[in-house]
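Inspection log for the structure reproduced underneath, given as structure tokens.
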Amino acid sequence: MIKAIIYQSKTGHTKEYAESLRKKLKLPCYSTEEANQKLKKQEEVIYLSWIRATSLVGYKKINKKYKICCIGAVGAYPKNNEYTKQLKEYNHITQELFYLRGGINYEKLNKFYQKLLKLVGKAITMENPKDKEMSRLFEKGGNFVNPKQLKPMIEYIKERM
């Protein structure tokens, strides 16, 4: 039985999705730090986290401690099945993985991440100058969080509750 939603958020996009899931599923929702205090090892959870390059932040640690029903991976790029498949392979994820588009919030990032993302943005622009949306996102930031993106994940979870 699923006991809670655990999330790890860098700039707030993942937390927004976790809170939306909490409301829809009527489950407690904890940051990874709170979960360590409130949940027992090997309890079943839903895990949401952000993507750093091709790494799902915190996944290995959470996967060792809890039984993960499914995962919400939050990233800046538009949803793409090939990218989702690569994330799953790269991170050795065995659970069902749902990609959720988040965004970039430069105000909540430290200087290192700000510079890094701006460099990534320049590389993307050079590689594909016609992709104005991604160029704009990496230049100025943006928020693409939409609770409707959770629909397939919610359906999957409800089948298991």
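The values are calculated or read from the model by the stated rules, or taken from the named source; none is laboratory data. Values in this document were obtained by computation on a predicted structure and should not be read as measured data. The protein model used for the area step is the full one, side chains on, heavy atoms only, and it has no ligands, DNA or RNA in it. Shrake-Rupley method; radii C 1.70, N 1.55, O 1.52, S 1.80 Å.
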Using the heavy atoms of the protein chains and a 1.4 angstrom probe, tell me the accessible area per residue for the chain in square angstrom.
60
Okay, helix-only estimate at 222 nm for the chain: each DSSP H run of n ≥ 4 adds -39500 (n - 2.57), divide by all residues, round to 500 deg cm²/dmol; what do you get?
-13500 deg cm²/dmol
Provide the percentage of antiparallel DSSP beta bridges, counting only those with both residues in the chain; round to the nearest 5.
15
Principal axes of the stretch 81-161: Cα extent on each, largest first, Å
43, 27, 25
Stretch gain in nm, segment THR84-GLN114, where the contour uses 0.36 nm per residue and the Cα spacing is subtracted:
8.4 nm
Rg in Å to one decimal, and Dmax rounded to a whole Å, for the chain via C-alpha atoms:
15.9, 49
What part of the accessible area of the stretch 46-147, given as a whole %, is carbon or sulfur when the probe is 1.4 angstrom?
54
Compute the separation of the alpha-carbon centres of the stretch 3-39 and the stretch 77-99 and state it in Å as a whole number.
20
Search the structure for amide H atoms under 5 Å from the amide H of ALA4, placed 1.01 Å from N in the peptide plane, and list their residues when 5 or more places away or on another chain.
ILE46
